[in-house]
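Down below is the structure, laid out as structure tokens.
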Amino acid sequence: MVCWLIGLGIFIYISYRVYQHFYPTPDIDPRNKYVLISGCDSGFGHGLAIELDKQGFNVLAGVYSSNSKDSLGQILSSRATIFQLDITRQEDIDTAYEIVSNKTKVLHALVNNAGIGAGGYIDWVSLDFMRRMMDVNFFGHVAMTKKFLPLLIVRRDSRVVNICSVAGYLTKPGMSAYSASKYALESFSDCLRREMAVWGLRVSIIEPGFMKTNIVEGHDKSLSVLWNGLSDDTKERWGEHNLKQQIQEVLNNIFMKKAENPAKVVQALKHAVMNTVPKIRYRPGWQSSYVMFPISRGPAWLADMLMIRPSLKGIPPAGVSKQIKD
């Protein structure tokens with residue numbers, strides 16, 4: 001009976017996906033619609049700004065660097081508006097609001113894309129490190145959403161699209177600060193969707209795995225920088241061999257080695273912005289859909305075993321070795 005139900009579920013799922021493939025929901029007319037995107041310097045935001053501009057949207061692109069403003073301006077059409085935006089600075093957000101509201105009183109979509117990524121054990125990272133991660137990856141997006149909400153709910157079927165991560169539903173060792181910021185954004189997004197349903201506001205969450213962007217590169221070097229800033233007692237507690245072990249794990253990480261094409265995320269973002277029936281959650285790529293998400297739905301002991309096993313294979317931290325000897 002159980003096997004029959006599982007088989008029926010699989011059949012229904014496959015049938016639904018086949019139907020979606022041959023009878024996709026239509027897209028909206030992009031003409032005279034404005035889309036605000038943060039973090040357009042590189043990666044997903046940069047790719048999305050170019051893609052939506054090609055589709056005919058009026059793109060409002062926030063960039064962190066003045067150099068990015070110049071380079072992106074050479075790519076986008078005359079419909080686009082590019083401005084510097086640090087989402088951790090309320091004055092920047094207020095200025096952005098003035099720029100946008102002078103262009104339009106109706107915002108079709110806000111794409112909260114800006115973000116930073118860095119790792120480190122809880123015992124290694126400072127509170128300032130964690131606060132910085134939360135300021136950019138969470139509070140900045142909350143501030144942007146609250147500021148632009150009045151322009152979004154003027155018309156029904158507007159959208160907020162938040163870039164989260166597999167780290168927003170599955171936490172691996174060394175990613176406490178990053179995962180905490182993404183978990184927070186996930187819950188904020190769910191609450192926003194449910195609160196604003198009466199206004200017809202759609203909220204979509206993008207949960208990619210490792211993609212070939214700047215945010216997943218250089219983790220080995222960042223660990224060395226983090227180590228150099230640790231106190232002597234923390235270094236003594238863990239031992240330099242542990243640093244080398246962690247760096248080796250990063251270099252050998254199969255998911256980083258097989259990082260996927262960021263175009264998959266851009267296509268998911270594009271669908272969330274312009275399709276008539278955007279999804280609540282998108283998990284672009286095989287890592288998020290077929291590996292990370294199933295693990296997150298399984299028993300906690302299984303996820304723990306998979307996450308902890310690599311750290312148990314090598315030489316234990318210096319402090320643990322001392323405990324064993326004593």
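Summary table
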quantity: 5 angstrom amide H check on Val203, placed H, neighbours 5+ away; calculated: Val160
quantity: Relative contact order (%) - criterion: Cα under 8 Å, at least six apart; region: the chain; calculated: 17 percent
quantity: Candidates Pro30, Pro208, Pro284: whichever shows maximal mean-square fluctuation once the chain is modelled as a Gaussian network with Cα springs under 10 Å; calculated: Pro30
quantity: Cα-based Rg of the stretch 1-85 normalised by 2.2 N^0.38 Å, two decimals; calculated: 1.69
quantity: GNM top mover of Lys147, Lys221, Lys33 - the chain, alpha-carbon springs below 10 Å; calculated: Lys221
quantity: As computed over the stretch 71-166, the Cα convex hull volume per residue (Å³); calculated: 133 Å³
quantity: Within straight-line cross-link reach of Lys146, lysines at Cα separation under 17 Å, skipping those fewer than 8 residues along the same chain; calculated: Lys105
quantity: Farthest toward positive dipole pole in the stretch 144-258 [+1 Lys/Arg, -1 Asp/Glu at C-beta], among Tyr169, Ser181, Leu151; calculated: Leu151
quantity: Cβ-defined net charge surrounding His108, 10 Å radius [Lys, Arg +1; Asp, Glu -1]; calculated: +2
quantity: The stretch 1-145, relative contact order [Cα under 8 Å, separation at least 6], %; calculated: 23 percent
quantity: Distant alpha-carbon pairs in the stretch 1-157 (separation over 24 angstrom), percent; calculated: 47 percent
quantity: Overall Cα dimensions of the stretch 169-326 - principal axes, largest extent first, Å; calculated: 63, 30, 30
quantity: Spatially proximal lysines relative to Lys172 (Cα-Cα < 20 Å; intrachain offsets below 8 disregarded); calculated: Lys182, Lys212, Lys221, Lys244, Lys257, Lys258, Lys313
quantity: Relative contact order %, the stretch 59-203, counting alpha carbon pairs below 8 Å whose residues are six or more apart; calculated: 24 percent
quantity: Alpha-carbon centroids, the stretch 120-138 and the stretch 145-214: separation in whole Å; calculated: 19 Å
quantity: Hydrodynamic radius (Kirkwood) for the chain, which is based on Cα pairs only, to one decimal in Å; calculated: 21.5 Å
quantity: Efficiency of FRET from Cβ geometry, Leu8 and Ser71, R₀ 45 Å, rounded to 0.05; calculated: 0.25
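Throughout, read-outs are computed from the coordinates displayed, never taken from laboratory work. What you see is a predicted model, and the numbers here were worked out from it, not measured in a lab. Ideal geometry is used to build each Cβ from the backbone, glycine not excepted, and the neighbour counts take in all protein chains shown.
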